[in-house]
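So the structure is just underneath, and the comments pick up after that.
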Amino acid sequence: TGSRVSFQTYVLHSLLDDVMEMANQRLLIMSRGQYELHAGQRQRANQQGGLDMEIFDHYSGYARPLATLSGGESFLASLALALGLADVVQACAGGVRLDTMFIDEGFGTLDPETLETVAATIETLASNDRMVGVVTHVRELAERVPVRFEVQKQGRTSVVTRVET
């Protein structure tokens, strides 16, 4: 027997599925084929609940809660979801482009190989006529950005310097 859900819940589940599909295209690349987002337990009729997700680990063959991801893995999932959401919003907005994105930190939790993969993903976004702003203290990533603003504290104020590579 089928369970009943409200129209609003049905639409939210559908949008979440679309976002996860787009996010997984990037997450599989950034995690080198290890991780994929899946829908978790969906709520049944007359139950309150969220739009649950879990992570499927292709290396172990099992799905597990998102909360079990490490800091770096969690960053990858969050970045993939943000990019997937941007893709879905753009597709649903009748051709309206989301040309600017800011990513604030999380890069320090990544190992060097994953940082390289994430940096390449960001560079791909930028090469597709999107402006990507990155807030980071990770020097290896900052040096890859062609135009950056470096902020240095001097006493009670800060000095901002534009650097072009």
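The values are calculated or read from the model by the stated rules, or taken from the named source; none is laboratory data. As the structure is a computational prediction, the values presented were derived from the model and not from experiment. Here the Cβ is made from the backbone with ideal geometry for all residues, glycine too, and neighbour counts use every protein chain on show. Heavy atoms of the whole protein, side chains included, go into the accessibility calculation; ligands, DNA and RNA do not. Shrake-Rupley method; radii C 1.70, N 1.55, O 1.52, S 1.80 Å.
A few remarks follow.
- Enumeration of residues in the range 80-107 that are at negative phi, outside any helix (DSSP H, G or I), in contact with a strand residue (DSSP E or B) (Cβ under 7 Å, 6 or more places away or on another chain) and not hydroxyl-bearing (Ser, Thr, Tyr): Asp99, Met101, Phe102, Ile103, Asp104
- Residues satisfying the criterion are absent from the range 44-51 (criterion: outside any helix (DSSP H, G or I), in contact with a His (Cβ under 7 Å, 6 or more places away or on another chain) and at pLDDT 85 or above).
- Residue, farthest from Leu98 (Cα to Cα), within the range 120-165, restricted to residues that are assigned to a loop (DSSP other than H, G, I, E, B) and of a type outside the set (D, E, K, R): Gly155
- Inter-residue pairs, beta-carbon under 6 Å, first free of Cβ contacts under 8 Å to residues at least 60 places away in the same chain and more than 19 Å from Met131 (Cβ to Cβ) and in the range 74-93, second open to solvent by 30 Å² or more (accessible area, probe 1.4 Å) and in a helix (DSSP H, G or I), 6+ apart: Phe75/Thr109; Ala80/Arg26
- Of the residues making up the range 108-119, those that are in a helix (DSSP H, G or I) and either at pLDDT below 85 or more than 14 Å from the chain's Cα centre (by Cα) (or both) are Gly108, Thr109, Pro112, Glu113, Glu116.
- If you go through the range 55-107 and pick out every residue that is basic (Lys, Arg) and touching a helix residue (DSSP H, G or I) at 6+ places or on another chain (Cβ under 7 Å), you end up with 1.
- Selection within the range 1-36 - assigned to a helix (DSSP H, G or I) and acidic (Asp, Glu): Asp17, Asp18, Glu21
- Count of the range 52-67 residues, restricted to those that are in a helix (DSSP H, G or I) and open to solvent by less than 70 Å² (accessible area, probe 1.4 Å), is 1.
- For beta carbons closer than 8 Å, sequence separation of 6+ or different chains, a first residue in the range 134-152 that is at pLDDT below 85 and a second that is in a helix (DSSP H, G or I) and acidic (Asp, Glu), the qualifying pairs are Arg144/Glu123.
- Evaluated against (1) within 14 Å of the chain's Cα centre (by Cα); (2) assigned to a strand (DSSP E or B), Ala77 falls short on exactly one condition, (2).
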